[in-house]
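Data block below; observations after.
Please treat every number below as a calculation from the coordinates, not as lab data. Predicted, not measured: the structure shown is a model, and the values here were computed from it. Heads up, the Cβs are rebuilt from the backbone with ideal geometry, glycines too, and the neighbour counts pull from every protein chain shown.
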Amino acid sequence: MKAPSFAYAKPRSLDEVFALAEKHGEDAKLLAGGQTLLATLNMRLSSPALLIDITGVPGLAGIAVQGNVVRIGALTTHRAIERSPEIASHLPLLAQAAPHIAHVAIRNAGTLGGSLAHGDPAAEWPACCVALDATIVVAAKSGERRVKAREFYRGLFETALGAGEVITAVEFPVPGAGYRNAFLELARRHGDYAIVGVAALAKAAGGTLSDARLAFVGAGPTPILARSAMAAIEGKKLGADAIAAAQAALAKDLAPTGDLNGSPATKLHLARVLCGRALTLLAS
Ligand SMILES: Cc1cc2nc3c(=O)[nH]c(=O)nc-3n(C[C@H](O)[C@H](O)[C@H](O)COP(=O)(O)OP(=O)(O)OC[C@H]3O[C@@H](n4cnc5c(N)ncnc54)[C@H](O)[C@@H]3O)c2cc1C
């Protein structure tokens, strides 16, 4: 199918974006990499009268290390994150997750901000942001605000973004020395959206994990921080008992829905398998 007809604007500043967004309200949609939006137009799932292409706005792309924080602009592509030496050394979890996002052609165009705004619970970046306790920077005509990734997701494809708001950047605190990372996911084919996945990191010392963060992909309506499982292993020497306790606790944390890929029980089982593998990697 082809997209319905729409008007197109390519503003050169955020102020112009805000003015267009205010004038056209719900009839307008922001366009970044287009890797989700254009597909939904082609499938006639959405029919905005105006696309506001934000790729001409300066200052929204790039990766900057600012002390203990890495700031990634919203228009930074998945591929740029995947290939960045700064990301590899400061936020290796993102470097591990990026190759799981679709295929290279899509990663060359798709952006961090677009993925976070779309809010697909099966997407990799939202879970990584939750695991890393990132802050999402949002701008509007009224000014700028910062929202913790852990508070950004409200429901299925539902975020804290208000009318006329634009994600401009994401700020990631750099985990200190001694943290280890693991990003694991199961998909039918490489490049497909995850059936279930986990973004994991923890401080590892002598086989004991502390400050463990386990954020699950595809295990509920939003990315889910598995607080019960995290509590089950906090400060414990990681052995079969601790892993089994974390896996059992996932029943309290996760709320997978059944679909063509499996029943809720199957997905919970897969999440437990990934949890065990991730914890083993973190502690080894
Ligand atoms: C075949 C295929 C497979 C894919 N597989 C995966 C996958 O495995 N994992 C995965 O995570 N993704 C996958 N994707 C989606 C891809 O990652 C997209 O790039 C991403 O979801 C959206 O980013 P975008 O820049 O393309 O956004 P767009 O498509 O341009 O926009 C998406 C939505 O976000 C809004 N938006 C965009 N930027 C902003 C902003 N800065 N502020 C506020 N709102 C904004 C738009 O208005 C729109 O509603 C796949 C896509 C395709 C076509």
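Quick one: which residues, 5+ away or cross-chain, put their amide H under 5 Å from the amide H of THR159? H built at 1.01 Å from N.
For THR159, whose amide H was placed from the backbone, the distant partners under 5 Å are ARG154.
Under a straight-distance cross-link criterion of Cα-Cα below 20 Å, which lysines are reachable from LYS23, leaving out those fewer than 8 residues away in the same chain?
LYS10, LYS141
For LYS252, go through the lysines and keep the ones whose alpha-carbon is under 21 Å away, minus same-chain ones fewer than eight residues off.
Cross-link targets: LYS236, LYS267.
Projected onto the charge dipole of the range 150-284 (+1 at Lys/Arg Cβ, -1 at Asp/Glu Cβ, origin at the Cα centre), which of LEU161, ALA246, SER228 gives the Cα projection farthest towards the positive end?
Highest projection toward the positive end goes to ALA246.
Work out the length of the dipole vector of the range 170-284 about its Cα centre, built from +1 on the beta-carbon of each Lys and Arg and -1 on the beta-carbon of each Asp and Glu, and round it to the nearest 20 debye.
So the magnitude is around 220 debye.
Please compute the length gained on full extension between LEU45 and ALA105, using 0.36 nm multiplied by the number of residues separating them and subtracting their Cα-Cα distance.
19.3 nm
Of LYS148, LYS267, LYS23, which has the largest mean-square fluctuation in a 10 Å C-alpha GNM of the chain?
Of LYS148, LYS267, LYS23, the Gaussian network model singles out LYS23 as fluctuating most.
Based on the alpha carbons, how large is the Rg to Rh ratio for the range 55-201 when Rh follows Kirkwood?
We get a ratio of 0.94 for the range 55-201.
Quick one: which residues, 5 or more positions from ALA169 or on another chain, have an amide H under 5 Å from its amide H? H modelled 1.01 Å from N in the peptide plane, none for Pro or chain starts.
Residues meeting the amide H criterion: ALA74, VAL137.
For the range 67-78, take each phi angle, set θ = phi - 60°, evaluate the Karplus expression 6.51 cos²θ - 1.76 cosθ + 1.60, and give the result in whole Hz per residue in order, putting x for glycine and proline.
Each residue's phi maps through the Karplus curve to give x, 8, 10, 10, 9, 10, x, 4, 8, 5, 7, 4 Hz.
Lys/Arg Cβ at +1, Asp/Glu Cβ at -1, dipole of the chain taken about the Cα centre: which of PHE183, SER13, PRO121 is farthest positive-ward?
PHE183
Tell me the relative contact order for the chain as a rounded percent, counting alpha carbon contacts under 8 Å between residues six or more apart.
Reported relative contact order: 15 percent.
Comparing GLY197, GLY67, GLY110, which has the greatest mean-square fluctuation in the GNM of the chain with Cα pairs linked when under 10 Å apart?
GLY67
Roughly how many Å is it from the Cα centre of the range 114-171 to that of the range 178-208, as a whole number?
For the range 114-171 versus the range 178-208, the Cα centre distance is 21 Å.
Using θ = phi - 60° and the Karplus form 6.51 cos²θ - 1.76 cosθ + 1.60, what ³J(HN,Hα) does each residue of the range 153-163 get, whole Hz, x for Gly and Pro?
Karplus values, whole Hz, x for Gly and Pro: 9, 9, x, 4, 6, 10, 10, 7, 5, x, 4.
Calculate how many DSSP beta bridges within the chain are antiparallel, expressed in % of all such bridges and rounded to the nearest 5.
85
Efficiency by 1/(1 + (r/R0)^6): what FRET value for LEU38 and LYS237, r their Cβ-Cβ distance, R0 = 45 Å, to the nearest 0.05?
0.35
Starting from the Cα of HIS190, step 7 Å along the direction of its Cβ; do the same at LYS10; then give the gap between the two resulting points in nm.
Computed distance between label sites HIS190 and LYS10 equals 3.4 nm.
Over the Cα atoms of the range 1-104, what radius of gyration and what Dmax do you get, in Å?
Cα radius of gyration and Dmax of the range 1-104 are 16.3, 48 Å respectively.
Per q in 0.15, 0.24 1/Å, what log10 I(q)/I(0) does a Debye calculation on the alpha-carbon atoms of the range 186-257 return?
Values returned for q = 0.15, 0.24 Å⁻¹ are -0.52, -1.03.
With viscosity set to 1.306 mPa s and temperature to 10 °C, compute the Stokes-Einstein D of the chain, Rh being the Kirkwood radius across alpha carbon pairs; µm²/s, no decimals.
82
What is the dipole size for the range 108-150, taken about its Cα centre, with +1 at each Lys and Arg Cβ and -1 at each Asp and Glu Cβ, in debye to the nearest 20?
About 260 debye.
For THR208, which sequence-distant residues (separation of 5 or more, or a different chain) have an amide H within less than 5 Å of its own amide H, given hydrogens modelled in the peptide plane?
Those qualifying (amide H under 5 Å, at least 5 residues apart or on another chain) are LEU238.
Under a point spin-label approximation (7 Å from Cα along Cα-to-Cβ), what is the VAL65-MET1 distance to one decimal in nm?
Roughly 4.7 nm, to one decimal.
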